[in-house]
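Working notes for the structure below.
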Amino acid sequence: MSKATHLECSLCNKRLEAGQVVNLCDCGGPLLVRYDLERIRRHWKRREVHLGPPTMWRYAPLLPPVNDSIITLGEGWTPLLFARRLGARLGARHLWIKDEALNPTGSFKARGMACAISMCAELGIRKVAVPSAGNAASALAAYAAVAGIEAHIFLPQDVPEANYLESKAYGARVTLVNGLISDCARIASECAVREGWYDLSTLKEPYRIEGKKTMGFEVAEQLDWELPDAIFYPTGGGVGLIGMWKAFEEMEQLGWIGSRRPKMIAVQAEGCQPVVRALEENEPRARFWEGARTVASGLRVPKPLGDFLVLEAVRKSRGTAIAVSDAEMLDAGIQMASEEGVFPAPEGAACAAALEKLLVSGFLGPDDRIVLYNTGSGLKYAEAYATRFPRAASAEQDKLGGLITPR
Ligand SMILES: Cc1ncc(COP(=O)(O)O)c(C=O)c1O
Ligand SMILES: [Zn+2]
């Protein structure tokens, strides 16, 4: 029934039949969905894409669920905003922000979960489990709700309040774990095996990445099929970056784009930068980052499962990986809000902070065409931004422009 021709292991290249309930390959490698691109190329032209809906499902021929299984809340086809004022201050004349905050549940995670939950519906899966840094939980909870699927979510206990409240409101079974996402992943996996739930952990199933890759199709279409020179992507698990890289490959095989690729720039937090370290040390895989700490909860991933795929895309594209501090993220977030009207997640803000550094170092120039991914909404991070705008009891003279109280 599945539209995919087969699944392929990203480590050992083993092929598996499509349309079955699977997690990882026997060798431990993540499985990727493959399509008959030659056939799609003959039947579906680039010029027809705009006839599709204003959601990520405009690319449905390159997504695994059949049309009848699609469960959607209108995810994708987010705006690509020209960032004139931010660009002028930083010295980048052709700068855009891809604003993923406009997705259902306020982050790009909606794309992956829409695709994965659609596939769960197609494959008859009724119960799922996921460990999450926060935004994936919100997204899973919403799509599971609309699909009538039972969702078990494992979150670090210091997850942003908004993600916790959303997950509960959407009716998910939430477990708070005293630890990091890596601890959540271990517990979720143990429970999933014991209870027979399908493990929807990032890259432990083949479908979330398929939804996320649509960020790559969209940036191409929105730039009239001319990819930018550089893409900044906040990298935790790195699945958005790997997904876009896969999308570029698929588009090239369809004849929609050429072989030129943007420099892929993986942005991490100073307090958790396993990919940056692996790149610096010229290693194919990342080592576990001890004591991971950052307000950008989505970047607090000490050992991404798809590290080798992120590093491969970064290297092949002649991009780089760079870390920024939490203070730099919050500063950049407030600047993006006040200059562009986009209040970003700290993860998205990290991209602007990283851009500033790479323009100063000369890695990028003022004429490069650059896209920053704001992967989520700043509204989810009230605790982090509140540190910049404390609401202490104000004195009378401060009340104009502040809080007005009755006398
Ligand atoms: C807002 C935000 N940005 C980025 C990420 C990192 O995503 P990826 O797994 O694609 O690296 C996350 C993950 O939780 C996130 O919530
Ligand atoms: Zn394998």
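Selection of the range 299-345 for residues being more than 16 Å from ligand 1 (Cβ to nearest atom), open to solvent by less than 40 Å² (accessible area, probe 1.4 Å) and assigned to a helix (DSSP H, G or I) yields only E339. Only one of the listed residues (L51, L32) is under 28 Å from T78 (Cα atoms) and within 16 Å of ligand 1 (Cβ to nearest atom). That residue is L32. Evaluate the following for L227: is it out of contact with any His (no Cβ under 9 Å at 6 or more places or on another chain), closer than 21 Å to A116 by Cβ, among the aliphatic types (A, V, I, L, M) and outside any strand (DSSP E or B)? Spelling it out, it is not the case that L227 is out of contact with any His (no Cβ under 9 Å at 6 or more places or on another chain), closer than 21 Å to A116 by Cβ, among the aliphatic types (A, V, I, L, M) and outside any strand (DSSP E or B). Taking the criterion of being crowded, with 19+ Cβ neighbours inside 10 Å and more than 20 Å from the chain's Cα centre (by Cα), the residues of the range 158-173 that qualify are Y170, A172.
Here L155, L176 are screened, and the one residue that is open to solvent by 50 Å² or more (accessible area, probe 1.4 Å), aliphatic (A, V, I, L, M) and free of Cβ contacts under 8 Å to residues at least 60 places away in the same chain is L176.
Check P61, P30, P104 and return the single one that is open to solvent by 10 Å² or more (accessible area, probe 1.4 Å), in contact with a Leu (Cβ under 6 Å, 6 or more places away or on another chain) and either closer than 29 Å to S297 by Cα or more than 16 Å from ligand 2 (Cβ to nearest atom) (or both).
Values: P61 fails: in contact with a Leu (Cβ under 6 Å, 6 or more places away or on another chain); P30 fails: open to solvent by 10 Å² or more (accessible area, probe 1.4 Å).
That would be P104, the only listed residue that is open to solvent by 10 Å² or more (accessible area, probe 1.4 Å), in contact with a Leu (Cβ under 6 Å, 6 or more places away or on another chain) and either closer than 29 Å to S297 by Cα or more than 16 Å from ligand 2 (Cβ to nearest atom) (or both).
Here's a check for you: in the range 37-56, which residue that is among the aliphatic types (A, V, I, L, M) and open to solvent by less than 100 Å² (accessible area, probe 1.4 Å) is nearest to the chain's Cα centre (by Cα)?
As a first pass, look at the range 37-56 and keep what is among the aliphatic types (A, V, I, L, M): 37, 40, 49, 51, 56.
Now drop any that are not open to solvent by less than 100 Å² (accessible area, probe 1.4 Å), which leaves 37, 40, 49, 56.
Working: L37: 25, I40: 26, V49: 23, M56: 14 Å.
Looking at residues that are among the aliphatic types (A, V, I, L, M) and open to solvent by less than 100 Å² (accessible area, probe 1.4 Å), I get M56.
Answer yes if at least one residue in the range 189-206 is open to solvent by 10 Å² or more (accessible area, probe 1.4 Å), within 16 Å of ligand 2 (Cβ to nearest atom) and touching a residue at least 60 places away in the same chain (Cβ under 8 Å), and no otherwise. The answer is yes; a qualifying residue exists.
The values are calculated or read from the model by the stated rules, or taken from the named source; none is laboratory data. Computed from a predicted model, the values in this text were never measured in an experiment. Cβ sites come from the backbone with ideal geometry, for glycine too, and all protein chains shown count toward neighbours. Heavy atoms of the whole protein, side chains included, go into the accessibility calculation; ligands, DNA and RNA do not. Shrake-Rupley method; radii C 1.70, N 1.55, O 1.52, S 1.80 Å.
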